[in-house]
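This report concerns only the one structure given below.
No value in this document is a laboratory result; all are computed from the given coordinates. This structure is a prediction, so every number in the text was calculated from the model and none was measured. Here the Cβ is made from the backbone with ideal geometry for all residues, glycine too, and neighbour counts use every protein chain on show.
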Amino acid sequence: MNQRVTPPFAASIRWQSVNVVAQVVLQLTFISILARILAPADFGVMAIALVVVGFVEIFAQVGIGPALIQRLDLEDRHIRSAFSFSLVLGIVFFAAMYFSAPAIGAFFEDALLIDVLRWIALSFILSGIAIVPRSLLIRSMGFKKLFIASLIAMVLGNLCLGLGLAFAGYGIWSYVVALLAQNALLALLYWWQHPVRVNFTFDPATLKEMLGYGGRSTLFNVSNYAASKVDTLMVGHLSHTGSNTSGWTETGLYDRSAYLLGLPITILGKLGDSVLFSGLSSLQEDLVALRRVVQRAAAIVAWLIFPMSAVLVWFATDVAVLFLGDQYLLAGPVVQILFLGVAMRSLIKLGDAVVRALDSLVAATFIKLGFLMAIGGTAWYAMNNDFGILGVAWGVTVATAMQFIAMAVLVIHITQWTTPSALRSLKAGSVALLLTAAGCWGIATWSEHLFSEQNGTTWHLFRVALASAWGLACMLFVAQKTNTLSIGKPLDWLSGRSGSHPHATTDPES
């Protein structure tokens, strides 16, 4: 039996932070180079293919991974049944995608999309093979092993094979091969890092135990994923119809803008989906301990993200050109609008980990469905009324604000938190945000007078580097001057070295 233990938060967060940051840096390097080789239209096709496959893959896993992580008492029978079920589902969904690809290609009026979908669908089988060892690594907080696997897979799959094929002139297929190679390497490395003795066993009673939570988790993940991708789908479909004839180029511009938005969200999302979800699941019967961890995590997120979001919003065009190249200059205004929601989305990711750990997935799913309908409706209206991708971006930002409020209310309720205490956890980040925003205004104004030629890589790099340095200085200043956060304190507290151990019996902040 795989019993729960007190989670080693500090070491886990450190290793997973290194893992996620390394993934983001390597992926950003890969995409930045690829964006200068492939056309925006190629990214448009890949954007739709990845959205479709990513959506279907949630059903292909039916929450098996989260069920393995969240379950308090895990037995060998659960592991065996999970492996058998996930592998069979992977094969079934690969076949389903293979035969449905022509219909999807016809919907988006593109024949190339058919072949791309069929090849990428192999990831369903690879995910079915990898899900059990990966979930067990997360459950046991084996984030050092996850880091090693991710590093090897991304370097060999993306940087070596993917970019090698791109430079050799294989176009969009270099992206497809890189994706499949990375997933195949991850599957092999997960099994090597955490070998599991399995056989093909289908125990209906065991599967029923797991699919109860897994089913709710799947509905939550489906609504969450659909809400995060419906805007790209709308742009991809409606840019080919009616008076909109910009096609895959407009889709590529919007998708890469959303990609830049997703970078900071990816970091926090992966930390939340792994370290916090696993750790909070082990504390689900101790709300006092869980609430303390959530409060400290919210303070860290606000302190890290709030000031940097000011830099991203103010210098969005500079960021877009630096990371994606001059051909994405027109994406600057879209990136700027989407970056307005970075801070809110970051805190929403924290809320997602909380509701999953406490199994408040039904209420959270309704919130995600509302978010989905709001984005889908505004995206459809914008694309059909000549507001274009700028209108879509504004709709996403407004819908994000509505989702943030709803998730905050839910988290405060299920953790028995108080609104004043929740707001106090955002104090340091809010102060750093105001200071950073003031500095960004000064840097933007001053740099326009300093440089006679306001373009080129040097211009964009200077502005972003100076603003980022100012934002970091504001963060350090606030960390030293406020009582709500101090450098080193969060991880010390989470590991129980600061005197406020998670299992303390009092909760003065409540």
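Under the simplified labelling scheme, the Thr482-Asn385 pair shows an inter-label distance of 3.8 nm, with each label point 7 Å from Cα along Cα→Cβ. Mind giving me the FRET efficiency for Val25 and Lys208? R0 is 30 Å, r the Cβ-Cβ distance, nearest 0.05 is fine. So the FRET efficiency works out to roughly 0.10. In a fully extended conformation the segment linking Thr458 and Phe366 would gain 28.4 nm over its present Cα-Cα distance, using 0.36 nm per residue. Given +1 at the Cβ of Lys and Arg, -1 at the Cβ of Asp and Glu and no other charges, the dipole of segment 35-187 around its Cα centre is 540 debye to the nearest 20.
Measuring r between the beta carbons of Ala111 and Phe55 and using R0 = 25 Å, the FRET efficiency lands at 0.75.
One Cα centroid belongs to segment 71-102, the other to segment 295-367; the line between them spans 32 Å.
Between Trp446 and Ala95, what FRET efficiency comes out of the Förster formula 1/(1 + (r/R0)^6) with R0 = 56 Å and r the beta carbon distance, rounded to 0.05? The value I calculate is 0.40. First check a/c for segment 114-224, with a ≥ b ≥ c the square roots of the eigenvalues of its C-alpha gyration tensor; if it is under 1.5, answer rounded, and if not, answer prolate when a/b is larger than b/c or oblate otherwise. Cα axes put segment 114-224 in the prolate bin. Applying the criteria of a DSSP loop state and at most 11 other Cβ atoms within 10 Å to the trypsin sites (Lys or Arg not before Pro) of segment 142-221 yields Arg197. Trypsin sites (Lys or Arg not before Pro), restricted to segment 353-442: which are DSSP loop and have at most 10 other Cβ atoms within 10 Å? Passing both the DSSP loop test and the Cβ count: no residue.
Placing pseudo-labels 7 Å out from each Cα toward the beta carbon at Met373 and Ser140 gives an inter-label distance of 4.5 nm. Shown here for segment 356-410: chymotrypsin sites (Phe, Trp or Tyr not before Pro) in loop regions (DSSP other than H, G, I, E, B) with at most 16 other Cβ atoms within 10 Å, namely Phe387.
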